[in-house]
Amino acid sequence: MITGERMAAVDENAAALGVPRKQLMESSGHAVAREIRAIADPGARVVVVAGRGNNGGDAFVAARFLDEYDVTTLLLGRAELIGTEIARENWKALEKADYDTRAVTDSSGFDLPEADVVVDAMLGTGISGELREPAATASAAINETDATVVAVDVPSGFDADAGDHADNGVEADHVVTFHDAKPGLEALDAAVTVADIGIPAAAERFVGPGDVRLARPDNREGRPYIIGGGPYTGAPALAAQAALRAGAELSFVAAPDSVAGEIQGYSEDLIVQSYDSELLTPEVADDLLETAERYDNVVVIGPGIGTADETLEAVQQFFESYTGRAVVDADALEVVPELETDATLVCTPNRGELARMGGPDTDDLAAAADEIEAFAAELGHVVLAKGAADVVTDGERTRISRSGTVGMKVGGTGDTLAGLVAALLESAEPLDAAAAAAHVNGLAGERLAEGDEHGFLASDMLDELPAALWGDSDE
(Lines give C-alpha, C1' and ligand atoms only; values in the text may rest on other atoms or scores of the structure.)
Protein backbone atom coordinates (compact mmCIF):
# COMPACT_ATOMS: atom_id res chain seq x y z
CA MET A 1 0.00 0.00 0.00
CA ILE A 2 1.25 3.48 -0.83
CA THR A 3 0.03 6.98 -0.02
CA GLY A 4 -0.61 9.56 -2.71
CA GLU A 5 2.23 11.69 -1.39
CA ARG A 6 4.68 8.83 -1.54
CA MET A 7 3.36 7.82 -4.96
CA ALA A 8 4.29 11.24 -6.35
CA ALA A 9 7.83 10.73 -5.04
CA VAL A 10 8.04 7.29 -6.64
CA ASP A 11 6.85 8.72 -9.97
CA GLU A 12 9.66 11.28 -9.80
CA ASN A 13 12.20 8.62 -8.90
CA ALA A 14 11.05 6.53 -11.85
CA ALA A 15 11.64 9.45 -14.19
CA ALA A 16 15.16 9.83 -12.78
CA LEU A 17 15.72 6.14 -13.54
CA GLY A 18 14.72 6.68 -17.16
CA VAL A 19 10.99 5.85 -17.05
CA PRO A 20 9.32 9.24 -17.70
CA ARG A 21 5.85 10.23 -16.54
CA LYS A 22 4.71 10.36 -20.16
CA GLN A 23 5.45 6.65 -20.50
CA LEU A 24 3.66 5.92 -17.24
CA MET A 25 0.65 7.93 -18.43
CA GLU A 26 0.44 5.78 -21.53
CA SER A 27 0.46 2.62 -19.38
CA SER A 28 -2.10 4.10 -16.98
CA GLY A 29 -4.49 5.02 -19.75
CA HIS A 30 -4.17 1.58 -21.29
CA ALA A 31 -5.02 0.02 -17.90
CA VAL A 32 -8.19 2.12 -17.64
CA ALA A 33 -9.21 1.10 -21.14
CA ARG A 34 -8.70 -2.59 -20.27
CA GLU A 35 -11.05 -2.20 -17.31
CA ILE A 36 -13.72 -0.60 -19.50
CA ARG A 37 -13.44 -3.37 -22.06
CA ALA A 38 -13.88 -5.91 -19.24
CA ILE A 39 -17.16 -4.39 -18.02
CA ALA A 40 -18.79 -3.08 -21.22
CA ASP A 41 -19.37 -4.52 -24.67
CA PRO A 42 -18.09 -2.81 -27.81
CA GLY A 43 -20.44 -0.08 -28.98
CA ALA A 44 -21.30 1.00 -25.41
CA ARG A 45 -21.47 4.72 -24.71
CA VAL A 46 -18.50 5.89 -22.63
CA VAL A 47 -18.25 9.41 -21.22
CA VAL A 48 -14.91 10.58 -19.83
CA VAL A 49 -15.14 13.47 -17.34
CA ALA A 50 -11.60 14.78 -16.98
CA GLY A 51 -9.81 17.46 -15.03
CA ARG A 52 -6.81 19.51 -16.10
CA GLY A 53 -4.15 17.45 -14.32
CA ASN A 54 -2.35 14.21 -15.04
CA ASN A 55 -5.38 12.24 -13.84
CA GLY A 56 -7.24 13.72 -16.79
CA GLY A 57 -4.24 12.96 -18.99
CA ASP A 58 -4.51 9.27 -18.08
CA ALA A 59 -8.12 9.32 -19.27
CA PHE A 60 -7.24 11.11 -22.52
CA VAL A 61 -4.91 8.22 -23.26
CA ALA A 62 -7.64 5.70 -22.37
CA ALA A 63 -9.98 7.27 -24.93
CA ARG A 64 -7.49 6.40 -27.71
CA PHE A 65 -7.69 2.72 -26.78
CA LEU A 66 -11.48 2.61 -27.02
CA ASP A 67 -12.16 3.07 -30.71
CA GLU A 68 -14.71 0.24 -30.64
CA TYR A 69 -16.81 2.28 -28.20
CA ASP A 70 -18.84 5.49 -28.54
CA VAL A 71 -16.59 7.80 -26.48
CA THR A 72 -17.15 11.43 -25.51
CA THR A 73 -14.48 13.25 -23.51
CA LEU A 74 -15.49 16.24 -21.37
CA LEU A 75 -12.71 18.53 -20.13
CA LEU A 76 -13.57 20.57 -17.05
CA GLY A 77 -11.93 23.89 -17.85
CA ARG A 78 -10.15 25.52 -20.75
CA ALA A 79 -7.73 23.44 -22.76
CA GLU A 80 -5.02 26.10 -22.57
CA LEU A 81 -5.10 25.76 -18.77
CA ILE A 82 -4.32 22.04 -18.72
CA GLY A 83 -1.71 21.82 -15.98
CA THR A 84 1.03 19.62 -17.42
CA GLU A 85 2.66 19.35 -20.81
CA ILE A 86 2.07 15.61 -21.12
CA ALA A 87 -1.65 15.90 -20.32
CA ARG A 88 -1.90 18.79 -22.80
CA GLU A 89 -0.23 16.70 -25.50
CA ASN A 90 -2.71 13.87 -25.01
CA TRP A 91 -5.68 16.27 -25.17
CA LYS A 92 -4.34 17.75 -28.40
CA ALA A 93 -3.91 14.25 -29.79
CA LEU A 94 -7.63 13.61 -29.26
CA GLU A 95 -8.55 16.89 -30.92
CA LYS A 96 -6.28 16.36 -33.93
CA ALA A 97 -7.51 12.80 -34.41
CA ASP A 98 -11.12 14.04 -34.47
CA TYR A 99 -12.31 12.35 -31.28
CA ASP A 100 -15.46 13.74 -29.67
CA THR A 101 -13.99 16.26 -27.22
CA ARG A 102 -15.78 19.07 -25.39
CA ALA A 103 -14.48 21.71 -23.00
CA VAL A 104 -16.82 22.70 -20.16
CA THR A 105 -15.75 26.16 -19.00
CA ASP A 106 -18.60 26.82 -16.55
CA SER A 107 -20.36 24.51 -14.13
CA SER A 108 -23.73 25.83 -15.31
CA GLY A 109 -22.91 24.45 -18.72
CA PHE A 110 -22.15 20.94 -17.53
CA ASP A 111 -24.44 18.35 -19.10
CA LEU A 112 -23.59 14.68 -18.67
CA PRO A 113 -24.50 12.78 -21.85
CA GLU A 114 -26.32 9.48 -21.73
CA ALA A 115 -23.76 6.81 -20.95
CA ASP A 116 -23.27 3.17 -20.13
CA VAL A 117 -19.89 3.89 -18.52
CA VAL A 118 -18.68 7.14 -16.97
CA VAL A 119 -14.95 7.57 -16.37
CA ASP A 120 -14.16 9.82 -13.41
CA ALA A 121 -10.79 11.45 -14.10
CA MET A 122 -11.41 14.84 -12.53
CA LEU A 123 -9.04 14.79 -9.56
CA GLY A 124 -6.20 12.46 -8.68
CA THR A 125 -4.17 11.66 -5.58
CA GLY A 126 -2.80 15.16 -5.06
CA ILE A 127 -6.11 16.84 -4.19
CA SER A 128 -8.40 16.18 -1.25
CA GLY A 129 -11.29 17.80 0.61
CA GLU A 130 -14.76 18.83 -0.52
CA LEU A 131 -15.09 19.22 -4.27
CA ARG A 132 -15.35 22.72 -5.69
CA GLU A 133 -16.92 23.81 -8.95
CA PRO A 134 -17.09 22.64 -11.63
CA ALA A 135 -16.08 19.26 -10.17
CA ALA A 136 -18.85 19.45 -7.54
CA THR A 137 -21.60 19.76 -10.17
CA ALA A 138 -20.02 17.05 -12.30
CA SER A 139 -19.74 14.72 -9.31
CA ALA A 140 -23.42 15.20 -8.45
CA ALA A 141 -24.40 14.34 -12.03
CA ILE A 142 -22.13 11.29 -12.05
CA ASN A 143 -23.59 10.03 -8.78
CA GLU A 144 -27.13 10.40 -10.13
CA THR A 145 -26.50 8.45 -13.31
CA ASP A 146 -27.34 4.78 -13.73
CA ALA A 147 -24.11 4.27 -15.66
CA THR A 148 -21.23 2.19 -14.31
CA VAL A 149 -18.65 4.59 -12.88
CA VAL A 150 -14.94 3.85 -13.30
CA ALA A 151 -12.55 6.06 -11.30
CA VAL A 152 -9.00 6.71 -12.48
CA ASP A 153 -6.50 6.00 -9.66
CA VAL A 154 -8.90 7.22 -6.93
CA PRO A 155 -12.45 8.59 -7.01
CA SER A 156 -12.52 12.39 -7.13
CA GLY A 157 -12.75 13.72 -3.58
CA PHE A 158 -10.83 10.78 -2.12
CA ASP A 159 -7.81 11.58 0.06
CA ALA A 160 -5.10 9.10 -0.93
CA ASP A 161 -3.02 9.94 2.14
CA ALA A 162 -5.63 9.84 4.91
CA GLY A 163 -8.14 7.52 3.23
CA ASP A 164 -11.04 9.96 3.73
CA HIS A 165 -13.72 10.58 1.11
CA ALA A 166 -15.42 13.94 0.65
CA ASP A 167 -19.18 14.05 1.20
CA ASN A 168 -19.68 15.31 -2.34
CA GLY A 169 -17.06 13.02 -3.86
CA VAL A 170 -17.67 10.60 -6.72
CA GLU A 171 -19.20 7.25 -5.79
CA ALA A 172 -17.38 4.83 -8.06
CA ASP A 173 -18.32 1.28 -8.94
CA HIS A 174 -14.81 0.41 -10.14
CA VAL A 175 -11.45 1.97 -9.31
CA VAL A 176 -8.34 1.43 -11.42
CA THR A 177 -5.47 2.47 -9.17
CA PHE A 178 -1.86 2.48 -10.27
CA HIS A 179 1.24 0.66 -9.01
CA ASP A 180 -0.14 -0.14 -5.53
CA ALA A 181 -3.33 0.22 -3.50
CA LYS A 182 -3.95 3.54 -1.76
CA PRO A 183 -4.97 3.69 1.92
CA GLY A 184 -8.73 3.55 2.42
CA LEU A 185 -9.72 2.29 -1.03
CA GLU A 186 -10.56 -1.12 0.40
CA ALA A 187 -13.30 0.51 2.50
CA LEU A 188 -15.14 1.86 -0.54
CA ASP A 189 -18.11 0.07 -2.04
CA ALA A 190 -16.19 -0.43 -5.27
CA ALA A 191 -14.19 -3.08 -7.09
CA VAL A 192 -10.54 -2.03 -6.97
CA THR A 193 -8.01 -3.09 -9.60
CA VAL A 194 -4.33 -2.40 -9.00
CA ALA A 195 -2.67 -1.89 -12.37
CA ASP A 196 1.04 -2.44 -12.94
CA ILE A 197 2.11 0.53 -15.07
CA GLY A 198 5.79 -0.31 -15.33
CA ILE A 199 7.30 1.58 -12.41
CA PRO A 200 10.52 -0.27 -11.57
CA ALA A 201 10.90 -1.59 -8.04
CA ALA A 202 14.07 0.50 -7.84
CA ALA A 203 11.95 3.66 -7.78
CA GLU A 204 10.79 2.67 -4.31
CA ARG A 205 13.92 0.89 -3.14
CA PHE A 206 16.54 3.46 -4.11
CA VAL A 207 16.44 7.02 -2.81
CA GLY A 208 15.97 9.58 -5.58
CA PRO A 209 14.86 13.14 -6.28
CA GLY A 210 11.27 12.35 -5.33
CA ASP A 211 12.38 11.48 -1.81
CA VAL A 212 14.30 14.74 -1.57
CA ARG A 213 11.31 16.78 -2.74
CA LEU A 214 9.08 14.97 -0.25
CA ALA A 215 11.32 15.75 2.73
CA ARG A 216 12.81 19.15 2.10
CA PRO A 217 11.36 22.12 4.01
CA ASP A 218 9.29 24.77 2.26
CA ASN A 219 10.58 27.56 4.48
CA ARG A 220 13.27 28.15 7.05
CA GLU A 221 12.09 26.48 10.22
CA GLY A 222 13.41 24.66 13.23
CA ARG A 223 16.23 25.18 15.68
CA PRO A 224 18.30 21.99 15.97
CA TYR A 225 20.14 21.52 19.25
CA ILE A 226 23.52 19.86 18.80
CA ILE A 227 24.91 18.34 21.99
CA GLY A 228 28.53 17.63 21.23
CA GLY A 229 32.13 18.52 21.67
CA GLY A 230 34.59 17.85 24.45
CA PRO A 231 37.47 15.79 23.11
CA TYR A 232 36.69 17.05 19.59
CA THR A 233 35.33 20.38 18.36
CA GLY A 234 34.98 20.19 14.58
CA ALA A 235 32.24 17.54 14.56
CA PRO A 236 29.48 19.53 16.33
CA ALA A 237 30.39 22.64 14.32
CA LEU A 238 30.00 20.73 11.04
CA ALA A 239 26.65 19.24 12.11
CA ALA A 240 25.32 22.64 13.20
CA GLN A 241 26.43 24.38 10.01
CA ALA A 242 24.95 21.61 7.84
CA ALA A 243 21.60 22.07 9.60
CA LEU A 244 21.67 25.77 8.72
CA ARG A 245 22.48 24.97 5.09
CA ALA A 246 19.49 22.61 5.03
CA GLY A 247 16.96 25.21 6.10
CA ALA A 248 17.17 25.47 9.88
CA GLU A 249 16.27 28.89 11.21
CA LEU A 250 18.91 28.78 13.96
CA SER A 251 21.44 26.19 15.04
CA PHE A 252 22.45 25.75 18.68
CA VAL A 253 25.46 23.89 20.03
CA ALA A 254 25.65 22.85 23.69
CA ALA A 255 29.28 22.17 24.56
CA PRO A 256 31.68 22.15 27.52
CA ASP A 257 33.00 25.56 28.49
CA SER A 258 36.52 24.33 27.76
CA VAL A 259 35.80 24.04 24.01
CA ALA A 260 32.82 26.37 23.47
CA GLY A 261 34.98 29.23 22.27
CA GLU A 262 36.77 27.02 19.76
CA ILE A 263 33.46 25.74 18.39
CA GLN A 264 32.16 29.31 18.10
CA GLY A 265 35.27 30.16 16.14
CA TYR A 266 34.26 27.89 13.30
CA SER A 267 31.32 30.14 12.38
CA GLU A 268 29.68 33.29 13.66
CA ASP A 269 26.34 31.82 12.55
CA LEU A 270 26.32 29.27 15.38
CA ILE A 271 24.77 29.90 18.77
CA VAL A 272 27.03 28.15 21.26
CA GLN A 273 25.72 27.53 24.77
CA SER A 274 28.45 26.44 27.15
CA TYR A 275 28.23 24.49 30.38
CA ASP A 276 30.77 24.33 33.18
CA SER A 277 32.58 21.09 32.47
CA GLU A 278 35.29 19.61 30.30
CA LEU A 279 33.01 16.77 29.16
CA LEU A 280 29.34 15.95 28.92
CA THR A 281 28.45 14.63 32.38
CA PRO A 282 25.31 13.46 34.19
CA GLU A 283 25.37 16.68 36.25
CA VAL A 284 24.58 18.80 33.17
CA ALA A 285 22.29 16.32 31.37
CA ASP A 286 19.12 17.51 33.14
CA ASP A 287 19.74 21.13 32.17
CA LEU A 288 20.24 20.14 28.53
CA LEU A 289 17.09 18.04 28.67
CA GLU A 290 15.06 20.95 30.03
CA THR A 291 16.26 23.22 27.21
CA ALA A 292 15.53 20.66 24.50
CA GLU A 293 12.04 19.90 25.84
CA ARG A 294 11.13 23.53 26.45
CA TYR A 295 11.92 24.68 22.92
CA ASP A 296 10.87 21.45 21.18
CA ASN A 297 14.25 21.21 19.47
CA VAL A 298 15.33 18.35 17.28
CA VAL A 299 18.42 17.13 19.11
CA VAL A 300 21.66 15.86 17.60
CA ILE A 301 23.75 14.08 20.21
CA GLY A 302 27.13 12.47 19.78
CA PRO A 303 29.40 14.49 17.47
CA GLY A 304 32.72 14.91 19.22
CA ILE A 305 31.59 13.91 22.72
CA GLY A 306 34.04 11.04 23.23
CA THR A 307 33.60 7.73 25.04
CA ALA A 308 34.24 8.58 28.69
CA ASP A 309 32.06 6.51 31.01
CA GLU A 310 30.46 9.58 32.56
CA THR A 311 29.64 10.96 29.09
CA LEU A 312 27.87 7.78 28.02
CA GLU A 313 26.04 7.75 31.35
CA ALA A 314 24.89 11.32 30.64
CA VAL A 315 23.62 10.33 27.18
CA GLN A 316 21.64 7.45 28.67
CA GLN A 317 20.25 9.70 31.41
CA PHE A 318 19.18 12.28 28.81
CA PHE A 319 17.30 9.78 26.69
CA GLU A 320 15.58 8.06 29.60
CA SER A 321 13.53 11.25 30.04
CA TYR A 322 13.60 12.86 26.57
CA THR A 323 10.42 12.46 24.50
CA GLY A 324 11.23 14.44 21.36
CA ARG A 325 13.08 13.76 18.11
CA ALA A 326 16.81 13.11 18.02
CA VAL A 327 19.66 12.12 15.74
CA VAL A 328 22.11 9.85 17.54
CA ASP A 329 25.57 9.80 16.02
CA ALA A 330 29.15 8.76 16.67
CA ASP A 331 30.10 7.81 20.24
CA ALA A 332 26.54 8.27 21.58
CA LEU A 333 25.39 5.27 19.55
CA GLU A 334 26.95 2.92 22.08
CA VAL A 335 24.11 3.41 24.57
CA VAL A 336 21.22 2.89 22.14
CA PRO A 337 20.90 -0.94 22.13
CA GLU A 338 20.13 -1.09 25.86
CA LEU A 339 18.19 2.17 25.96
CA GLU A 340 14.58 2.50 27.07
CA THR A 341 13.23 5.79 25.78
CA ASP A 342 10.08 7.43 24.45
CA ALA A 343 12.15 9.57 22.12
CA THR A 344 11.99 9.23 18.33
CA LEU A 345 15.52 8.35 17.28
CA VAL A 346 17.36 8.29 13.98
CA CYS A 347 20.63 6.41 14.52
CA THR A 348 23.44 7.12 12.03
CA PRO A 349 26.18 4.49 12.49
CA ASN A 350 28.99 3.82 10.08
CA ARG A 351 29.81 0.19 9.30
CA GLY A 352 31.98 -0.30 12.38
CA GLU A 353 29.52 1.40 14.72
CA LEU A 354 26.67 -0.66 13.29
CA ALA A 355 28.54 -3.87 14.11
CA ARG A 356 29.38 -2.69 17.62
CA MET A 357 25.68 -1.90 18.19
CA GLY A 358 24.81 -5.50 17.36
CA GLY A 359 23.96 -5.10 13.69
CA PRO A 360 25.54 -7.02 10.81
CA ASP A 361 29.32 -6.76 10.43
CA THR A 362 29.75 -6.24 6.71
CA ASP A 363 31.57 -4.15 4.14
CA ASP A 364 28.58 -4.27 1.78
CA LEU A 365 25.66 -2.63 3.54
CA ALA A 366 23.34 -2.83 0.54
CA ALA A 367 23.78 -6.60 0.34
CA ALA A 368 22.93 -6.83 4.05
CA ALA A 369 19.89 -4.53 3.81
CA ASP A 370 17.46 -7.20 5.02
CA GLU A 371 19.64 -7.89 8.06
CA ILE A 372 19.87 -4.17 8.84
CA GLU A 373 16.08 -3.92 8.54
CA ALA A 374 15.68 -6.76 11.02
CA PHE A 375 18.16 -5.06 13.36
CA ALA A 376 16.24 -1.77 13.17
CA ALA A 377 13.00 -3.61 13.96
CA GLU A 378 14.62 -5.14 17.03
CA LEU A 379 16.11 -1.80 18.02
CA GLY A 380 12.80 0.05 17.56
CA HIS A 381 14.41 3.07 15.89
CA VAL A 382 15.26 4.30 12.40
CA VAL A 383 18.75 3.27 11.32
CA LEU A 384 20.75 5.13 8.69
CA ALA A 385 23.76 2.89 8.12
CA LYS A 386 26.55 4.79 6.34
CA GLY A 387 28.72 3.15 3.72
CA ALA A 388 29.48 3.11 0.00
CA ALA A 389 25.71 2.78 -0.27
CA ASP A 390 23.66 3.98 2.70
CA VAL A 391 20.87 1.78 4.04
CA VAL A 392 17.94 3.58 5.67
CA THR A 393 15.26 1.55 7.45
CA ASP A 394 12.61 1.77 10.14
CA GLY A 395 12.41 -1.99 10.53
CA GLU A 396 9.55 -2.34 8.06
CA ARG A 397 10.51 -0.19 5.09
CA THR A 398 14.02 0.07 3.66
CA ARG A 399 15.60 2.45 1.18
CA ILE A 400 19.09 2.58 -0.21
CA SER A 401 20.95 5.74 -1.18
CA ARG A 402 23.52 5.23 -3.91
CA SER A 403 24.74 8.82 -4.13
CA GLY A 404 28.21 9.76 -2.96
CA THR A 405 31.84 9.29 -3.84
CA VAL A 406 34.97 7.67 -2.49
CA GLY A 407 36.19 11.11 -1.46
CA MET A 408 33.55 11.13 1.28
CA LYS A 409 35.67 8.73 3.32
CA VAL A 410 37.28 11.88 4.71
CA GLY A 411 36.35 12.57 8.33
CA GLY A 412 33.41 14.83 9.05
CA THR A 413 31.00 13.82 6.28
CA GLY A 414 28.99 11.85 8.82
CA ASP A 415 28.67 15.00 10.91
CA THR A 416 27.25 16.98 8.00
CA LEU A 417 24.81 14.12 7.47
CA ALA A 418 23.67 14.26 11.10
CA GLY A 419 22.95 17.97 10.77
CA LEU A 420 21.05 17.40 7.54
CA VAL A 421 18.85 14.76 9.14
CA ALA A 422 18.10 17.08 12.06
CA ALA A 423 17.03 19.92 9.77
CA LEU A 424 14.75 17.69 7.69
CA LEU A 425 13.24 16.09 10.80
CA GLU A 426 11.56 19.42 11.51
CA SER A 427 9.00 18.80 8.77
CA ALA A 428 9.43 15.22 7.53
CA GLU A 429 8.83 11.78 8.95
CA PRO A 430 11.98 10.13 10.36
CA LEU A 431 12.46 7.59 7.56
CA ASP A 432 11.83 10.22 4.88
CA ALA A 433 14.15 12.73 6.55
CA ALA A 434 16.94 10.19 6.91
CA ALA A 435 16.64 8.91 3.34
CA ALA A 436 16.58 12.37 1.80
CA ALA A 437 19.49 13.54 3.96
CA ALA A 438 21.62 10.57 2.92
CA HIS A 439 20.95 11.29 -0.74
CA VAL A 440 21.60 15.03 -0.46
CA ASN A 441 24.82 14.51 1.48
CA GLY A 442 26.01 12.18 -1.26
CA LEU A 443 25.02 14.61 -4.00
CA ALA A 444 27.04 17.34 -2.30
CA GLY A 445 30.04 15.01 -2.34
CA GLU A 446 29.49 14.21 -5.99
CA ARG A 447 29.42 17.89 -6.87
CA LEU A 448 32.81 18.38 -5.21
CA ALA A 449 34.23 15.24 -6.79
CA GLU A 450 33.66 16.73 -10.24
CA GLY A 451 36.66 18.91 -9.47
CA ASP A 452 38.75 16.59 -7.31
CA GLU A 453 37.77 13.03 -6.40
CA HIS A 454 39.99 12.83 -3.32
CA GLY A 455 41.06 16.32 -2.31
CA PHE A 456 37.98 17.86 -0.69
CA LEU A 457 37.14 18.18 3.00
CA ALA A 458 33.88 17.78 4.87
CA SER A 459 33.80 21.55 5.42
CA ASP A 460 33.91 22.02 1.64
CA MET A 461 30.62 20.12 1.40
CA LEU A 462 28.74 22.75 3.38
CA ASP A 463 28.54 25.17 0.46
CA GLU A 464 27.28 22.41 -1.84
CA LEU A 465 24.41 21.28 0.39
CA PRO A 466 21.85 23.97 -0.58
CA ALA A 467 22.22 23.24 -4.30
CA ALA A 468 22.01 19.51 -3.66
CA LEU A 469 18.84 19.97 -1.60
CA TRP A 470 17.01 22.68 -3.54
CA GLY A 471 18.80 23.54 -6.75
CA ASP A 472 19.46 20.40 -8.73
CA SER A 473 18.34 17.53 -6.53
CA ASP A 474 16.56 16.05 -9.55
CA GLU A 475 19.77 15.32 -11.37
Inter-label distance, nm, simple model (7 Å from Cα along the C-beta direction), Asp189/Glu313
6.6
Quick one: length gained pulling Gln273 to Glu5 fully straight, 0.36 nm per residue minus the C-alpha distance?
92.6 nm
For the chain, which longest stretch is free of loop sites, where a loop site is one of the trypsin sites (Lys or Arg not before Pro) that DSSP puts outside H, G, I, E and B and that has at most 16 other Cβ atoms within 10 Å?
221-396
With all protein chains modelled, accessible area of Thr105 [1.4 Å, Å²]
80
Average accessible area per residue (Å²) across the stretch 59-193 - probe 1.4 Å, nucleic acids and ligands excluded
44
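Report the full-extension gain for the segment Ser258 to Glu429: residue separation times 0.36 nm, less the Cα-Cα distance, to one decimal in nm. Could the numbers behind the result be given before it?
Numbers: separation 171, 0.36 × 171 = 61.56 nm, distance 3.57 nm.
Full extension from Ser258 to Glu429 adds 58.0 nm.
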Of every hundred units of 1.4 Å-probe accessible area on the stretch 319-424, the number belonging to carbon and sulfur atoms, as a percent, is 39
How large are Rg and Dmax for the chain when only the alpha carbon atoms are used, in Å?
26.3, 84
Rounded tilt (10° steps) of 430-449 against the dominant C-alpha axis of the chain:
80
Give me the percent of the accessible area of the stretch 1-111 that comes from carbon and sulfur atoms, probe 1.4 Å, all protein chains in place.
45
In the stretch 166-316, carbon and sulfur make up what percent of the accessible area (probe 1.4 Å)?
42
Residue separation times 0.36 nm, minus the C-alpha to C-alpha distance between Glu249 and Arg78: what's the value?
57.4 nm
Cross-link partners among lysines for Lys22, C-alpha distance below 16 Å, same-chain residues fewer than 8 apart left out?
Lys92
Where does helix 85-96 land angle-wise versus the long Cα axis of the chain, in degrees 0 to 90, nearest 10?
10
Probe 1.4 Å, accessible area per residue of the stretch 392-475, Å²
36
Residues of the stretch 232-303: accessible area per residue at 1.4 Å, in Å²?
41
Label points 7 Å out from Cα along the Cβ direction at Ala141 and Glu450: separation in nm?
5.1
By how many degrees, between 0 and 90 and to the nearest 10, does the Cα long axis of helix 369-379 differ from the longest principal axis of the chain?
70
The relative contact order of the stretch 293-407, taking Cα pairs under 8 Å that sit 6 or more residues apart, comes to a percentage of 18
Would you please give the FRET efficiency between Leu17 and Glu283, computed as 1/(1 + (r/R0)^6) with r the Cβ-Cβ distance and R0 = 56 Å, to the nearest 0.05?
0.60
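The values are calculated or read from the model by the stated rules, or taken from the named source; none is laboratory data. Just so it is clear, the structure is predicted and the values come from calculations on it, not from any experiment. Cβ: placed from backbone, ideal geometry, glycine included. Neighbour counts: every protein chain shown. Side chains included, ligands, DNA and RNA excluded: accessible areas come from the protein's heavy atoms. Shrake-Rupley method; radii C 1.70, N 1.55, O 1.52, S 1.80 Å.
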